[in-house]
Amino acid sequence: MAITALSQIHDPALCARLVLKVGSALLVERGGAVRRQWLESLVAEIAAARVRGQQVVVVSSGAIALGAARLGLAQGGRANLADAQAAAAVGQIALSAVWAELLAAHGLTAAQMLVTLDDLEDRRRYLNASSTLARLLEQGAVPVVNENDSVATAEIRFGDNDRLAARVAQAAGADAVVLLSDVDGLFDRDPADPAAELVREVSGVDDTVRAMAGAGSGSGMGSGGMVSKLQAAEIAGRAGIALAIVNGTFQRALARAVEENRGTLFHAHRRDAGRKAWLGGRLAPAGVLTVDDGCASALEGGSSILAAGVVAVDGDFARGDLVAIHGRKGDRLAQGLVEYSAAECRAIAGRKAGEQAALLGYAPRSAVVHRDHMVLL
């Protein structure tokens, strides 16, 4: 059975495995100290979930904010990449130490996992991460996951822990993700507007829902905003995982959200098989194939992408790389693993099968992107 209400987040029969994301603004004061009393309250809730029979994975921000304070770096350690990496290296030690200490007070063992975008984009490394998470949970540990900001660069990083939480949920086989925010959830307009109303349930993220999201983080310490949370909801939803945005600024934040039904719940709208879910959650396509209207319609019926339907090729990619599939108006239709390099795709784009051998110098493959290696978005 799927999770259809916030109250079910506490039900181990429906939510046996929960991913809980904690942002920097909630965990760290502006001066760089851990909000210890607040964190103790949250850890007590994690311990209560364990007593109920639930397994919990924590995705915790805060390393850069903590490290920047200790190193005396300007702009919270985010003035430049070197500062952020140095702050993360110092702050991660403090972050893991406080989680380990507070969880140990409840008889729980903390386990640290640091990942980069590549760790979850590469299929083999993704499976390794999945196996590690599974073993830790089996042994009763509480994995505390963060992006490895000390080595990540702009090209190989998530950039926010909202999307990381959704990808970790996939790898962990979780039933739900809770993103603790500094607002009650998604509002139908700017929350500062007195007429704004909380959107309590979302069945699917479409253009109307995206229009409700404003970019940026209000605290100045984090890197995510409502846009990244919607992207996380899309990743989770395709994998059959419910996602909730709730206000984490309160003591007993989870209990408050569940008891008062206060937050936004994004329903899981499908459950792709393991490899398809991994494909759908990947975030770094190497290029874009634009297809004509006939090809776009055929995708809905389960067709592969043939060269004849490709009208434009962007990017520099090799065979086996991830590419995004766009319609003529730039709308995201799908993504998948391409069977040709970018140069080969440009050579055969728009051409019938009978023309391709002469252009390629070898017999063409059955598709540019085969349906077995593609997921609709």
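The values are calculated or read from the model by the stated rules, or taken from the named source; none is laboratory data. Note that the structure is predicted; figures quoted are calculated from it, not measured. Note that we place each Cβ from the backbone using ideal geometry, even for glycine, and neighbour counts take in every protein chain shown.
Below are the figures for this structure:
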| item | result |
| --- | --- |
| Residues of region 346-369 classified as outside any loop (DSSP other than H, G, I, E, B) and farther than 30 Å from ASP206 by Cα, total | 11 |
| Residue in region 113-130 that is nearest to the chain's Cα centre (by Cα), counting only those that are polar (S, T, N, Q) and under 11 Å from ALA171 (Cα atoms) | SER130 |
| Residue in region 283-303 that is crowded, with 16+ Cβ neighbours inside 10 Å and closer than 26 Å to VAL22 by Cα present | yes |
| Residue in region 266-276 that is surrounded by fewer than 17 Cβ atoms within 10 Å (Cβ to Cβ), charged (D, E, K, R) and either under 16 Å from GLN335 (Cβ atoms) or not assigned by TED's automatic domain parsing to the domain that holds VAL209 (or both) present | yes |
| Unmet requirement for TYR340, which otherwise passes all of (1) buried (at least 19 other Cβ atoms within 10 Å of the Cβ); (2) in contact with a strand residue (DSSP E or B) (Cβ under 8 Å, 6 or more places away or on another chain) | (2) |
| Counted residues, region 54-85 - those being on the phi < 0 side of the Ramachandran plot, part of a helix (DSSP H, G or I) and without any contact (Cβ under 8 Å) to a residue 60 or more places away in the chain | 9 |
| Some residue of region 127-146 being in contact with a helix residue (DSSP H, G or I) (Cβ under 9 Å, 6 or more places away or on another chain) and of a type in the set (Asp, Glu) | no |
| Subset of region 213-238 (residues that are surrounded by fewer than 18 Cβ atoms within 10 Å (Cβ to Cβ) and at pLDDT 85 or above) | VAL227 |
